[in-house]
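Notes for the one structure printed next.
The values are calculated or read from the model by the stated rules, or taken from the named source; none is laboratory data. Please read these numbers as outputs of a predicted model, since none were measured by experiment. Virtual Cβ from ideal backbone geometry, glycine too; neighbours counted across all protein chains shown.
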Amino acid sequence: MKLELREISEENAADFFTLHSRLEFGGCFCRYWQFEGDNTVWGKTTPEENRIAKETDIQSGQARGAIFYLDGKPFGWCQFAHRSFFKKMNTHPTFALSTGDNIWSIGCFAVAKEERKKGLSKNILEEVLKQIKKQGGKTVEAYPRKEDNLPDEEVWMGPKRIFEDAGFFVYYETPRTVVMRKDLK
């Protein structure tokens, strides 16, 4: 089993769109944190509109994250970037409390249905943390839901247990989310 990370680019955009066109990926095309409208407008946004916006992001070099491959086949995605990249996160009341210099965020975490519950999320997170450190990141935040045993479609920011197992600590809690941090050394 060979796990490989490839940062999103025009060269692998087709793999990104193949993954995100799958039903379990929900049709957002990892646009939620870049969408500048409110949640009412977001709820009316179609998968095709999200796809077109993501195509523009990729072509203009404004997409961040990595596609994960297992034995050459794309199976997972993680969106990560410096906190300043996530427009909505920086103005959202739940997440705007985060402060500090050089904070990086993990904004989306998705694995193809047939590869879930195999421990691959842990491997993805390890690779993402290496990549963030390589790019100069000092502190990483993650935003899992507080509840355990959620349906898969509610775990789009990653399962809480993988962050706990990787040494993230609770920075603060909201009614639905745990803001977790890890200092990279």
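Here are the numbers:
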item: Positions within the stretch 125-139 being touching a residue at least 60 places away in the same chain (Cβ under 8 Å) and among the aliphatic types (A, V, I, L, M), in sequence order; result: Val128
item: Evaluation of Val111 against (1) among the aliphatic types (A, V, I, L, M); (2) closer than 17 Å to Ala13 by Cα; (3) over 16 Å from the mean Cα position of the chain (by Cα) (one fails), failing number; result: (3)
item: Qualifying residue in the stretch 117-129 (condition: β-branched (Val, Ile, Thr) and over 21 Å from Phe75 (Cα atoms)); result: no
item: Residue, nearest to Tyr172 (Cα to Cα), within the stretch 60-94, restricted to residues that are among the polar types (S, T, N, Q) and in contact (Cβ under 8 Å) with a residue 40 or more places away in the chain; result: Thr94
item: Test: Lys113 is touching a strand residue (DSSP E or B) at 6+ places or on another chain (Cβ under 9 Å) and either touching a residue at least 60 places away in the same chain (Cβ under 8 Å) or farther than 21 Å from Glu7 by Cα (or both); result: no
item: The stretch 87-112, residues that are among the charged types (D, E, K, R) and either surrounded by 12 or more Cβ atoms within 10 Å (Cβ to Cβ) or at pLDDT 85 or above (or both); result: Lys87, Lys88
item: Any hit, the stretch 34-54, residues being assigned to a loop (DSSP other than H, G, I, E, B), more than 14 Å from the chain's Cα centre (by Cα) and hydrophobic (A, V, I, L, M, F, W, C); result: yes
